[in-house]
Amino acid sequence: MKAFGRPIGLFFLVAMVFVFGPLRVYGEVFNRVVAIVNDDVITLYELNQQIRVMTGSTAEDLREKDEERYLEARRKILQFMIDEKCAQEKIQEMGIKIPPEQIDARIESVKKRNRWTHEDLLAALKQDGITLEELREKIKTDLERAELINYQVKSKIIIREEQITQYYEEHKEDFSSEETVHLAGIFLIRRNPKDEEESLKLKAKGEEILAKLKNGEDFAALCKKFSQGPGSDEGGDLGSFKADQLDPELRKALAGIEEGGFTDLIIKPNGIQILKLIKRQKAQAHPLEEVREEIYATLYQQEVNRRYEAWIQELRKETYTKIIF
């Protein structure tokens, strides 16, 4: 039997070639050239990767949902990639290089304007579905474009004071600080949510504590005596929170409460809470002087992008491109 093992395997491979064609061709179906830009190419794999990055979905998923919209999205994204190839050729030709320190400085500027720690920045990026590396790449592209425009367009970009003022008035809500609340809490833990007797005793204890608070007893002292939650030895101080990040039930319980006031019993499956509102910082617009630099940067980048689009259209006329679909 062993003597026939190799010939049978060889026959099988030859048969596969006749039926399906050369095996390497099968692989090219998934990674063929879809566009030629001067001496460079864009592959189907690169296009599909860019579709995923820019839409958050795979090409296959987009196509299954809506063929027409998929084809339009693919056309626009491929044109974007062609434009980027054209620009990158010019950037390399002109020796434009953005040092990492310049990208770091831009990120620090973003953190400073938003009063963010590094952890706040990472949280904001996560919420937007962006990695730090993707942010760095975006900043690098913006800085390269600015340098490119400075080389290619002789007229200097000037942002007038009235433009800054107008932008501020039209986007005031974007420059408002978020409402924050500083809270303290008393927590009574329910060990077994299915134990009705325990639940009744826990509620009775909570009502007892609430009655003492209403009679003017000190929240911190009662917290030290009764609370089973974090910070009980420090009077139950929980720190400050952005209001919109609180659980909707907690936001509702705190609505209308004045500083120094406390909530009714907040009953949850794992126990009972009583919250005290130590301080409420309402949302308010930052004055123009505080955000002038941020607005200037925004308007400057908008003008860079406008000039870049006009320049790239002219560059397309000088570039050999061929789309293969």
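Every read-out reported here was derived from the displayed coordinates using simple, explicitly stated rules and does not represent laboratory data. From a predicted model like this one, the values you see are computed outputs, not experimental measurements. In this analysis, Cβ positions are derived from the backbone assuming ideal geometry, glycine residues included, and neighbour counts consider all displayed protein chains.
Close amide-amide hydrogen proximity is noted between V34 and I42, T43, L44, each under 5 Å apart and 5 or more residues distant or on a separate chain (H modeled in the peptide plane; Pro and chain starts excluded). In order along the stretch 186-202, the Karplus-derived 3J(HN,Hα) couplings, from 6.51 cos²θ - 1.76 cosθ + 1.60 at θ = phi - 60°, round to 10, 10, 10, 8, 9, 6, 10, x, 8, 8, 5, 5, 4, 4, 5, 5, 5 Hz, and Gly and Pro are given as x.
Shown here: Kirkwood radius over Cα pairs in Å, derived from the displayed model; of the candidates (1) 19.8; (2) 23.0; (3) 26.4, it corresponds to (3). Each Lys or Arg adds one and each Asp or Glu subtracts one; over the other residues with Cβ under 15 Å from the Cβ of F219, this totals -3. Rounded to two decimals, the Cα-based Rg/Rh of the stretch 91-140, with Kirkwood Rh, is 1.06. Charged neighbours of Q50, selected by a Cβ distance under 10 Å, balance to 0 (K, R count +1; D, E count -1). Under the combined filter of DSSP loop state and at most 12 neighbouring Cβ atoms within 10 Å, the stretch 24-105 retains these chymotrypsin sites (Phe, Trp or Tyr not before Pro): F30. Ordering 190-197, 33-40, 222-229, 280-287 by mean Cβ neighbour count within 10 Å, with the highest value first, yields 222-229, 33-40, 280-287, 190-197. Net charge of the neighbourhood of S176, taken over other residues with C-beta under 14 Å away and scored Lys/Arg +1, Asp/Glu -1, is -4.
The amide H of L238, built 1.01 Å from its N in the peptide plane, has L183, A184, G185 as neighbours under 5 Å, considering only residues 5 or more places off or on other chains.
Take 249-256, 206-213 and order them by the average number of nearby Cβ atoms within 10 Å per residue, most first; the result is 206-213, 249-256.
What is the mean projected area of the alpha carbon convex hull for the stretch 180-281, to one decimal in square nanometres? Mind showing how you got there, number by number?
Values: hull surface 24.5 nm².
The orientation-averaged projected area of the Cα hull of the stretch 180-281 comes to 6.1 nm².
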